[in-house]
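Computed from the coordinates by the stated procedures, all read-outs in this text should not be read as laboratory data. Everything numeric in this text was worked out from a predicted model, so none of it was measured. Here the Cβ is made from the backbone with ideal geometry for all residues, glycine too, and neighbour counts use every protein chain on show.
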Number of protein chains: 2
Amino acid sequence: MADGLTIGQAAAFVGVTIKTVRHYHRLGLVTEPERDGSGYRRYRSADLLRLVQVRTLAGAGVPLAEIGDLLDADPERFSAALDDVHRRLTERIEDLVARRDTLHRLDRGDRALLPDRACAVLDRLTDLGFSPDYVAGQREALVLARALIPEIYDNFLTQLERSLDDPEFVELTKRGWDARSWDPDDPRIEELASALADKLLANRVVPAMPTGFRNRSDAAARYGLVNHHREDREPSIARLNALVEANLRAAGVDIPHQ
Amino acid sequence: MADGLTIGQAAAFVGVTIKTVRHYHRLGLVTEPERDGSGYRRYRSADLLRLVQVRTLAGAGVPLAEIGDLLDADPERFSAALDDVHRRLTERIEDLVARRDTLHRLDRGDRALLPDRACAVLDRLTDLGFSPDYVAGQREALVLARALIPEIYDNFLTQLERSLDDPEFVELTKRGWDARSWDPDDPRIEELASALADKLLANRVVPAMPTGFRNRSDAAARYGLVNHHREDREPSIARLNALVEANLRAAGVDIPHQ
DNA sequence: GGTTGACCTTGACCTTAGGTCAGGGTGAAC
DNA sequence: GTTCACCCTGACCTAAGGTCAAGGTCAACC
């Protein structure tokens, strides 16, 4: 008898739930339609049209709070606003595409993100016979370096690449990795530290401190984080690294304490 | 002295706010790091790594509630989950692209959405000299028909197209539109209704009632909504339409009352 | 003519992914 | 020695709805 659709029909029509339609009413986005004898809302063509318009904008991500003004604006302002919505939507889409693409890098073994050059170095580590644990640790260090101190990330990578060309250095590094099973007070650690420091100085692959930070302690914090990554799990390696750093410092290399 | 980044540095590092990091702690997504002497959180490399992983997934739209399980899953389950995330992200992107494309149809004069065939008919109406108001009304009716009763939308459109090929019909329709300024009791309305009904029957462009609905009253509600669109604003046109319908009904056409 | 089941009404509270505010403690620098 | 940027907790706010409760209505079926 009473004409107009009920709220359920109207909602199904525009593809939303009843609650959503009522939500739009409460926000004043769509004026409440007339009620029939039993208090039901009855939607007429004009209401549905408005509902479709609101939904189209809302579906495109326009905040509901803006939609009212937008639809009631004069045509050229509306048109300009539409262009703006379109632009923002395009940005959002591009952002999502970029995120989708980085997503698959999470799946390359370690769930972290590294460019190809770093991956090549890591593959080479594996080929040279380093243990998967060691490779994983280096991978994490590279991820951190890239994110925390991009200024010296290249330096870090180059250092790794050059070191791998020197069989003696590779040997020393492997021995250093073996040191994790030694007692932290084992005298061999001091010997090894000395040999490693000499090698580093000879090959000129000393770590460069990051520059350009607001203060030195910030840089030091980042440097320490990268260079002492995973040491909390390996006390002997921590001691080895500390000794190597002490040796380098004694030779005049700028390395922050702790 | 104490090593590790503060929460602000860690947050800046992964590109989020401090509050977001604390939020992840509360959800158990990233375990709370150790505190320093003054109770500040100190983030070490492993914490940052975890933070980057969480952010990468969260940024791709994975609900925070799922991320924990996901990152702690074994590799092949993780990999499968990543594929799933990728798939959902692709769907979302396609959906947004579709919405972006429909968005510009909102800007084609009337802020409603119609396919090309309908637009062509409306343009033709304008070319034939119908007033912009009349065209707007027909446009709205088409939008409603398409959304409410797609089964007869084609029929509706074909009817319009055929009618426009008949100059006499065009003349009668224009006269019908002029009738909105007449008194609703004007005797000319009855005449016109009779002529229009004859023409409709002769051209066989009678409206088809929608079929296949759960009940007849639902169909009737939709039909009424489309066919009596805008009549609340034009009482004379309402009367004219009612008379045309009565004439058609008398000739055996199935049209619901009200 | 009674009951069933699908619909409608309002109102109050829940959700996600954080943001904001209040009130107070820390740390480094000028 | 104070200033200013940073940190702490806890309580409440946001958008865009969803869920639940308690009750009224409508059409259909028996």
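Nearest beta-carbon of B to the rotation axis carrying it onto A: which residue, how many whole Å?
For chain B, the closest residue to the axis carrying it onto A is B:I93, 3.
Would you mind computing Rg(Cα) / (2.2 N^0.38 Å) for the protein assembly as shown, counting N as its residues?
Against the empirical 2.2 N^0.38 Å value, I get 1.53 for the protein assembly as shown.
Please give the length that would be gained between A:R162 and A:D186 if that part of the chain were fully extended, namely 0.36 nm times their separation in residues minus their C-alpha to C-alpha distance (nm, one decimal).
Result: 5.7 nm gained on full extension.
Helix-only mean residue ellipticity at 222 nm, chain A, DSSP H runs n ≥ 4 weighted -39,500 (n - 2.57), per residue, nearest 500. What is it?
The helix-only estimate for chain A comes to -21000 deg cm²/dmol at 222 nm.
To the nearest whole number, what is the average tally of beta carbon atoms from other chains within 10 Å of the beta carbons of peptide A:83-91?
3
If you put a point 7 Å past Cα along the Cβ direction, how far is that point for B:H104 from the same point in each other copy, in nm, smallest first?
Ordered by increasing distance: 3.0 nm.
For helix A:116-127, what angle does its Cα long axis make with the longest principal axis of chain A, in degrees from 0 to 90 and rounded to 10?
50
Roughly how crowded by other chains is peptide A:40-46, in terms of the mean Cβ count from those chains within 10 Å of each of its Cβ atoms?
Shielding by partners across A:40-46 averages 5.
Under the convention of a label 7 Å out along Cα→Cβ, give the distances in nm from B:H23 to the same position in every other copy, shortest first.
1.8
Given springs between every Cα pair under 10 Å in a Gaussian network model of chain B, which of B:R230, B:R88, B:R50 has the largest fluctuation?
Judging by the Gaussian network model, the answer is B:R50.
What are the residues whose amide H is under 5 Å from the amide H of A:Y43, where those residues sit 5 or more places off or on another chain and H is modelled from the backbone?
A:L5, A:T6
Which angle between 0 and 90 degrees, to the nearest 10, do you get for helix A:150-164 versus the longest principal axis of chain A when only C-alpha atoms count?
For helix A:150-164, the angle is close to 40 degrees.
Per residue of B:50-57, count partner chain C-beta atoms within 10 Å of its C-beta, then hand back the mean as an integer.
3
What ³J(HN,Hα) values, in whole Hz, does the Karplus curve 6.51 cos²θ - 1.76 cosθ + 1.60 give for segment A:135-145 when θ = phi - 60°, with x put for Gly and Pro?
4, 4, x, 5, 4, 4, 4, 5, 4, 5, 4
Any idea what angle helix B:187-203 forms with the longest principal axis of chain B, computed on alpha-carbon atoms, 0 to 90 degrees, nearest 10?
80
Note down the nm distance, to one decimal, between modelled labels 7 Å out along Cα→Cβ at B:D232 and at A:D69.
In this crude label model, B:D232 to A:D69 measures out at 2.8 nm.
What number does segment A:54-93 give for Rg over Rh if you use C-alpha atoms and the Kirkwood radius?
For segment A:54-93, the value is 0.95.
From the label point of B:E34, set 7 Å along Cα to the beta carbon, how far off in nm is each other copy's matching point, shortest first?
B:E34 label point versus its equivalents elsewhere: 7.5 nm.
DSSP loop chymotrypsin sites (Phe, Trp or Tyr not before Pro) in segment B:34-142 with at most 11 other Cβ atoms within 10 Å of their Cβ, which ones?
In loop regions of segment B:34-142 (DSSP not H, G, I, E or B), there are no sparsely surrounded chymotrypsin sites (Phe, Trp or Tyr not before Pro).
How far apart, in nm, are the 7 Å Cα→Cβ label points at B:H104 and B:T126?
Label-label distance for B:H104 and B:T126, simple model: 1.7 nm.
Would you mind telling me which residue in B:D178, B:D154, B:D47 has the biggest mean-square fluctuation in a Gaussian network model of chain B, where springs connect alpha carbons within a distance under 10 angstrom?
Answer for the Gaussian network model of chain B: B:D47.
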